[in-house]
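Colleague: Handing you a structure now.
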Amino acid sequence: MGQKVHPLGFRLGFVKTWNAKWYAGSKNYPILLKEDVAIRSGIRARLRDAAISRIEIERSTNQVTVTIHTAKPGVVIGKGGAKVEELRQVLGKTTGKVVKVNIFEVRYPELDAMLIAENVAQQLERRVSFRKVLKQTVLRSMKSGAKGVRVAVAGRLGGAEMSRREWEREGRVPLHTMRADIEFGRAIAKTTYGTIGVKAWVYKGDIEPAPRQVTQNAPGGSTSRPAAPPLPPPPPAPTPLVTPSAPPAVGV
């Protein structure tokens, strides 16, 4: 049986990177981690209808840079940038530091797994048939250029007494291939008869990892191999011999 590993955590440091880029010691780490959770939950609570894909956090000495990837940047920015400024002030009070907010637009929301999962969850909350939602979502993503899509829902589907798990897939989703560029997202649909979990996988192709370079401080890195001697020049090509043609015989 294959073990269920998080597709992004499985590829960290290989073809994926972290959403939080900072370092702290053992004393400050839990404080900053709790602060990160408060920042993410606060942003998603205030901008619930902004179709936020992911939130990246970078830290320096006295500054926190928050990057919001959203499919609706106009909702996040607001009229004249009023919402962004208000959000920056709220995050500044939460962290007690200078907060810088960057906004990036997600141009293809049909290829973003987080937005796909949230879209499916919103439709399930409106009591749309889950089979219809799964088929339409997968087809829409494949038409947008994805090489493989898989969407799964689990819970009391259709209000049934016993919960079950259903899923729809198109194309290929190689979860065991390290260099595969796979986006993963999940959301929760809060219905009147319970919660339904939604998971989405999107396969966009393979990423060739950068070749590793041996540093000079690495063991065996200081002793460099001697350079190979230059190859001798190739010999000149032989010139073809031209034999004079015999004069034609003249009749006597």
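Colleague: For Ile188, indicate whether it is within 20 Å of Thr137 (Cβ to Cβ), open to solvent by less than 30 Å² (accessible area, probe 1.4 Å), under 23 Å from the mean Cα position of the chain (by Cα) and not hydroxyl-bearing (Ser, Thr, Tyr).
Modeller: On the way: within 20 Å of Thr137 (Cβ to Cβ): yes; open to solvent by less than 30 Å² (accessible area, probe 1.4 Å): no; under 23 Å from the mean Cα position of the chain (by Cα): yes; not hydroxyl-bearing (Ser, Thr, Tyr): yes.
Criteria not met by Ile188.
Colleague: Something else about it: Pull up the range 1-26, narrow it to residues that are of a type in the set (Lys, Arg) and either touching a Leu at 6+ places or on another chain (Cβ under 6 Å) or farther than 17 Å from Glu56 by Cβ (or both), then point me to the one that is surrounded by the most Cβ atoms within 10 Å (Cβ to Cβ). Walk me through how you get there before you give the answer.
Modeller: Initially, the range 1-26 is screened for residues of a type in the set (Lys, Arg), giving 4, 11, 16, 21.
Retained after the next criterion (residues that are either touching a Leu at 6+ places or on another chain (Cβ under 6 Å) or farther than 17 Å from Glu56 by Cβ (or both)): 4, 16.
Values: Lys4: 7, Lys16: 17.
Only one residue tops the list, namely Lys16.
Colleague: Here's a follow-up. I want to confirm something. Restricting to the range 160-178 and keeping residues that are within 19 Å of Val15 (Cβ to Cβ) and out of contact with any helix residue (DSSP H, G or I) (no Cβ under 8 Å at 6 or more places or on another chain), which single residue is surrounded by the fewest Cβ atoms within 10 Å (Cβ to Cβ)?
Modeller: His176
Colleague: Out of Thr17, Thr70, report the one residue that is polar (S, T, N, Q), touching a helix residue (DSSP H, G or I) at 6+ places or on another chain (Cβ under 7 Å) and within 30 Å of Asp206 (Cα to Cα). Show your work before the answer.
Modeller: Details: Thr17 fails: touching a helix residue (DSSP H, G or I) at 6+ places or on another chain (Cβ under 7 Å).
Of the residues listed, the single one that is polar (S, T, N, Q), touching a helix residue (DSSP H, G or I) at 6+ places or on another chain (Cβ under 7 Å) and within 30 Å of Asp206 (Cα to Cα) is Thr70.
Colleague: Oh, and also: Do we find a residue being touching a residue at least 24 places away in the same chain (Cβ under 8 Å), open to solvent by 80 Å² or more (accessible area, probe 1.4 Å) and of a type outside the set (Gly, Ala, Ser) anywhere in the range 145-159?
Modeller: Residues of the range 145-159 that are touching a residue at least 24 places away in the same chain (Cβ under 8 Å), as a first pass: 145-159.
Filter once more, so that each one left must be open to solvent by 80 Å² or more (accessible area, probe 1.4 Å): 147.
Filter again for of a type outside the set (Gly, Ala, Ser), leaving 147.
Scanning the range 145-159, I find at least one residue that is touching a residue at least 24 places away in the same chain (Cβ under 8 Å), open to solvent by 80 Å² or more (accessible area, probe 1.4 Å) and of a type outside the set (Gly, Ala, Ser), so the answer is yes.
Colleague: Pull out all pairs, ordered by first then second residue, where Cβ-Cβ is under 7 Å, the residues are six or more apart or on different chains, the first lies in the range 125-143 and is of a type in the set (A, V, I, L, M, F, W, C), and the second is in a helix (DSSP H, G or I).
Modeller: Phe130/Leu124; Phe130/Leu157; Phe130/Gly158; Val133/Val120; Val133/Gln123; Val133/Leu124
Colleague: Taking the residues in the range 1-26 that are aliphatic (A, V, I, L, M) and assigned to a loop (DSSP other than H, G, I, E, B) as candidates, determine which candidate is farthest from Arg54 (Cα to Cα).
Modeller: Filtering the range 1-26 down to residues aliphatic (A, V, I, L, M) leaves 1, 5, 8, 12, 15, 20, 24.
Those left that are additionally assigned to a loop (DSSP other than H, G, I, E, B): 1, 5, 15, 24.
On the way: Met1: 31, Val5: 20, Val15: 17, Ala24: 22 Å.
For the range 1-26, the residue satisfying everything is Met1.
Colleague: Please work out which one of (1) small (Gly, Ala, Ser); (2) in contact (Cβ under 8 Å) with a residue 24 or more places away in the chain; (3) surrounded by fewer than 13 Cβ atoms within 10 Å (Cβ to Cβ) is the condition Ala117 fails and give its number.
Modeller: All conditions are met except number (3).
The values are calculated or read from the model by the stated rules, or taken from the named source; none is laboratory data. Keep in mind that what you see is a predicted model, and the values were worked out from it rather than measured. Using ideal geometry, Cβ is built from the backbone for each residue, glycine included, and neighbour counts are taken over all protein chains shown. Accessible surface is based on the protein model in full, side chains and every heavy atom, while ligands, DNA and RNA are left aside. Shrake-Rupley method; radii C 1.70, N 1.55, O 1.52, S 1.80 Å.
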